[in-house]
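Heads up: the structure comes next, in C-alpha cells.
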Amino acid sequence: MNARSPILVSKAPHMGTTIFTVMSALAAEKNAVNLGQGFPDFPCDPKLLDLVNDAMREGLNQYPPMTGVAPLREAVARKIETLYGRRYDPASEITVTAGATQAILTIVLAIVHPGDEVIVLEPCYDSYVPNIELAGGVLVRVPLTPGTFRPDFDKIRSAISPKTRAILINSPHNPSGMIWSKQDMLTLQDILAPTDIVLISDEVYEHMVYEPNQHWSAAHFDGLAARAFIVSSFGKTYHVTGWKVGTVTAPAAYTAEFRKVHQFNVFTVNTPMQHALARYMAEPAHYLGLPAFYQRKRDLFRQGLAQTQFKLLPGEGTYFQCVDISGLKVPEKNLNDADFCKWLTTEIGVAAIPLSAFYGNGFDQKVIRFCFAKKDETLMAALEKLKGL
C-alpha cells in the first residue's frame, strides 16, 4: 500500500526563506566575511557565563513562573524607572519572553483580530509582516522617508482608519540605524491621542545610541506608555543573541492579554539564564557602557569605509551601518541592491544585506546594510577587502 500525505493548504504561501539565512549561507559557501546577519562574533562577558553555571549548580533548572523569574522582572523594572522615569509593576506589567521575535508575534496574536489593520513603517524587520498576516490582520505599509528614514507623519496620519488596531515602530531602527527624536515621539503621541490605536514599540537596540543622541523610549511619555507594548532584548544588550531572552513591558490590562497567549506559545523561558541575567543586571555598568563600546566599533568601521567608494549614511544607533552604493564603479553594471550584495559576497568576499529585503515591494534605493558587531580584526579584514572596490 502506498501511503499518501494529505495536501496542506499553506497559511503563508508567499513567505520564503529570510534574507539573513540566504546571505549567511552564501557567505559560508564563498568563505566571505559575514557582515550581513546581525550577531556578534565575539564572546560575552565570562562573568555572565559563570552566573549561568552558578544558577544551574544551585538547582535552578526546573520550570520558572510563566511570567519570568521575579528577580529578573524586578531588575528590569528598576532599570526602566532609572533610565526612563516610569515605574512598572514587575508582577503585573513585565513578562520575560523567548526573545523579541516571539514577543512581537505574541503581542500581535493577543491584540489583532481578523480584519484589523496594523500600520508598519518600511523598511521594517522581516518578522513584522508575517506576524500580522498569521493573525489575520490587514497590513498597512507606510514608508519612512527614503534616504533619511525619518518618520513621515503626514503619511502616518493618512494611513489611520477606523479599522486601525495598532502601529508598530522601531527605534533605534533596524535596518537604517536611525533613531526617533523626542519631538518624533511627541508628534506620534499627539496623533494617537484621540484614537484607540495600540502602540507596539520595538526597542531592542535601546542601549546602542551614539553621542550626541539619546534613546527616547515610549516609557518616557505618558500618552504613549498608556497604550504601548515595549519590547526589549537581553540578547542584543549582552552579546548573547542565541539565548533568545527578552521582555515585554505594558500596562497591566495589556499584559494580562499578552500572557494569555504567551502561556500557550512558549509558556516559560530558560530558567538558569534568567537568574544569571538578573544577577548580572545588579551592575548597571554592563548596559550603561554599551554605547561607548559600540560607538568605538562604529567609528572604526566608518573611518575605513570612508576610504572606499561607498557613501556613508548617518549611524545614530544600532550596530548597523548603511551605505549608498549608487556611486560605485563595479564591473557588473546596473545591479540592484540584492544582486550587488550577492556580487559583493562572491567576488569581493564581504557579505551585506540589501535594504530592498525590508520592503514589501522590494523598493531599491541602492542602499545596503553592514553589521559592525564584530571583532576589530573581522572589521579590518572586511575593510581590506572592500578597498578593492
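Can you tell me which residues in segment 259-280 are within 19 Å of Met208 (Cα to Cα) and more than 21 Å from the chain's Cα centre (by Cα)? Give the derivation first.
Initially, segment 259-280 is screened for residues within 19 Å of Met208 (Cα to Cα), giving 277, 280.
The answer is Tyr280, and nothing else.
Testing Arg141 on (1) more than 22 Å from Pro13 (Cα to Cα); (2) under 19 Å from the mean Cα position of the chain (by Cα), one condition comes back false. Which one is that?
Failing condition for Arg141: (1).
Criterion first (in contact with a Leu (Cβ under 6 Å, 6 or more places away or on another chain) and surrounded by fewer than 22 Cβ atoms within 10 Å (Cβ to Cβ)) does Val266 satisfy it? Let's see the steps before the verdict.
Numbers: in contact with a Leu (Cβ under 6 Å, 6 or more places away or on another chain): no; surrounded by fewer than 22 Cβ atoms within 10 Å (Cβ to Cβ): yes.
Spelling it out, it is not the case that Val266 is in contact with a Leu (Cβ under 6 Å, 6 or more places away or on another chain) and surrounded by fewer than 22 Cβ atoms within 10 Å (Cβ to Cβ).
Suppose the filter is under 21 Å from the mean Cα position of the chain (by Cα) and closer than 21 Å to Leu72 by Cα; does Val198 pass it?
Considered against the rule, which asks whether it is under 21 Å from the mean Cα position of the chain (by Cα) and closer than 21 Å to Leu72 by Cα, Val198 comes out as no.
Please go through (1) among the aromatic types (Phe, Trp, Tyr); (2) part of a loop (DSSP other than H, G, I, E, B); (3) surrounded by 22 or more Cβ atoms within 10 Å (Cβ to Cβ) for Phe363 and return the number of the only condition it doesn't satisfy.
Phe363 satisfies every listed condition except (3).
Can you work out which of the residues in segment 144-164 that are of a type in the set (Val, Ile, Thr) and under 22 Å from the mean Cα position of the chain (by Cα) is nearest to Gly177 (Cα to Cα)?
Checked segment 144-164; the qualifying residue nearest to Gly177 (Cα to Cα) is Thr148.
Condition check ((1) outside any loop (DSSP other than H, G, I, E, B); (2) in the same structural domain as Arg296 (by TED's automatic domain parsing); (3) in contact (Cβ under 8 Å) with a residue 60 or more places away in the chain) across all residues:
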residue: Met178; (1), (2), (3): no, no, yes
residue: Met185; (1), (2), (3): yes, no, no
residue: Leu188; (1), (2), (3): yes, no, no
residue: Thr195; (1), (2), (3): no, no, no
residue: Ile200; (1), (2), (3): yes, no, yes
residue: His215; (1), (2), (3): no, no, yes
residue: Val231; (1), (2), (3): yes, no, yes
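Tell me, yes or no, whether segment 29-52 has at least one residue that is modelled with pLDDT of 95 or more, in contact with a Pro (Cβ under 6 Å, 6 or more places away or on another chain) and over 30 Å from Glu257 (Cβ atoms).
Scanning segment 29-52 turns up at least one residue that is modelled with pLDDT of 95 or more, in contact with a Pro (Cβ under 6 Å, 6 or more places away or on another chain) and over 30 Å from Glu257 (Cβ atoms).
The values are calculated or read from the model by the stated rules, or taken from the named source; none is laboratory data. What you see is a predicted model, and the numbers here were worked out from it, not measured in a lab. Quick reminder, even Gly has a Cβ in these numbers, built from the backbone with ideal geometry, and neighbours come from all protein chains shown.
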